[in-house]
Structures are given as structure tokens and as C-alpha cells.
Amino acid sequence: MDNENFDKELKKLWEETSHSHSESEKEASWEKFHSKAFAAKKKKSSPWRYYAAAAVLLFVLIGTGIFFNTKSQTENVVLAENVIENTTSKIKLVVLPDASKVELNPNSKITYGNNFALNRKIEISGQAYFKVTKDKKHPFQVFCNETTTTVLGTSFIVKESDKKEVTVELYEGSVQMNVKGKDQQWVLKPGEKFTYGSETATVAEFNRFVDFDNEKLSVLSNYIEENYGYKVVIPKENLDQKITIRINKKEDLKTIVQLISEMYNLNFEINENLKQITFQ
């Protein structure tokens, strides 16, 4: 995304999070932020400075804020047998026909139809994290037991317990929850989780961020290694440098790596074969 389009998207996000303010107040606050975050420079600047500045907004806004009014269907869904099952001990990355991504947990499986790009319905058993490609004409629906999660473009986790309890945790965007046989609908906001079990539905908050408050850069490196599976190599002189940042627990790894690179003026190389990130 170029700087101009990124700037437009960032302003859109800013305005969507300012529901309690007037249009003039939102415009004034945006201009004040924009003038400080993206001050014009005569020399060329790295496009990743936009991402570094945008990361500051992680403290006040995360997510796309995509809403919808498509009513979900909760009847039994029969799908063609495209079955993907994870029989390994590690999370399996699956790219669906519409380019949506699924991180499928061990002992979990998903099923979807042959015409998935036009009929985006998917069944899940177990647990998976979904990052859905936006498509307003074709809502994305996830069926788990008696629950239906309907989205347009967002990221969320669906998990099923041994007791057949279903939990949906929303990280970005907006989802609508339906339960078979019930007229009520639940629309989740980022940071909310929906739980259904024993014919009872509840909505509660959960923490979708991890905070690093004046921590050493080595601590962030350990977090990346533990949660993304990549070893991080940082120059010795940078290991004790401090960082304060809030990260979405499901943030893309490359976004985090590029942010570190920009903040500390480091180059990096990602070796997929060795699962290693080297800064220098």
C-alpha cells in the first residue's frame, strides 16, 4: 500500500473510533495527530515510518471496524467433502480458495464446499484462528455445533471444548453470532468473546493485546520466538535497548519485524528454512 492510500485508511480508522465526537472535533483531532506523526520532510523517508507511527495508534484503535447486516442462516449445512485435518502436534496454516487464512490447531479439522469462493461456508471441529478476506457480496460463515459466526472481513478464533462448549474471540472487525433455534443475535466488537454451552450464551471481554512497558528488546525477541516459532538474532548492542509497545496477540509477524527494523534503524533477513529472523 502506498503512503497516500495508507494515509486515507488511517484517517478512516481514526474517524471510526471517534463515535462520541462531532465531525469538526474529529477533523481537528486528526489534523493535529497527522501534523505531528507525518511531518513533511525534504529528504526521502522510509514508507515504514507510516507503520511505526500507526503503531502508536495501537493504544487507541485496532481492527477494521467492518459491520454488516446480513442475517445468518442457522439450519444444518451440508458441504461438499473438502476436509482438512491437522493430525500433527503443531498449528497448520491453511489458505482457503478465497485467500482467507486459517491457523488450524492440532486435533482440529475444517470442511468446506467446492464452490467456496461464492458460498463461503465452513464447518469446524476443534479450534482455529481465522483471518478472513473481505468480500461484501459473499459473507463468510463458520459453523460449530449449533452456533453460526457470520463475518465480512475480520480475524477471530473459534474453539470447541471437550464439553461441546463453543467460544468465539474477536480480534479485529465485527462478527454476528447466531444460535440454532434462537431468534436473538449477538454482534461482537473487538476484544469481546462469545461463549455458548448448555443452551446458555454469554458475551464477555478478553485481553487481545500483549503490552511491553519499557522492556528490553530481548524480551520482545523471546515473545516472538515463543509465539511465532522464529528464532530472533539481534546485535548485542541492541539487546538491552528498551521498548514500550502494545501488540495485537494475532498481529502478523512481518509487521512486528518491520516495526522493530524501523524503530532501531536495523536491516533484517527472514530465513524460512531455518525459521530465523536476523537483524543487523
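A cut-off of 5 Å between modelled amide H atoms, ignoring neighbours fewer than 5 places along the same chain, links Ser100 with Thr133. The alpha-carbon positions of the stretch 209-279 define a convex hull whose volume is 75 Å³ per residue.
List the pairs from Lys134/Lys189; Lys90/Lys159; Lys90/Lys131; Lys164/Lys189; Lys131/Lys163; Lys134/Lys180 whose alpha-carbon separation is above 20 Å, in the order I gave them. Table pairs above 20 Å Cα-Cα are Lys164/Lys189; Lys131/Lys163; Lys134/Lys180.
Taking amide H atoms as placed 1.01 Å from N in the peptide plane, the amide H of Asn82 lies under 5 Å from those of Tyr112, each 5 or more residues away in sequence or on another chain. Put simply, the amide H of Glu172, placed in the peptide plane, has neighbours under 5 Å in Ser155, leaving out anything fewer than 5 places away on its chain. Rounded to the nearest whole angstrom, the semi-axes of the ellipsoid equivalent to the stretch 87-238, taken from the Cα gyration tensor as √(5λ), stand at 30, 19, 16, largest first.
Each reported figure results from applying straightforward, stated rules to the coordinates on display, with no laboratory input. Everything quoted here is computed from the prediction, not taken from an experiment.
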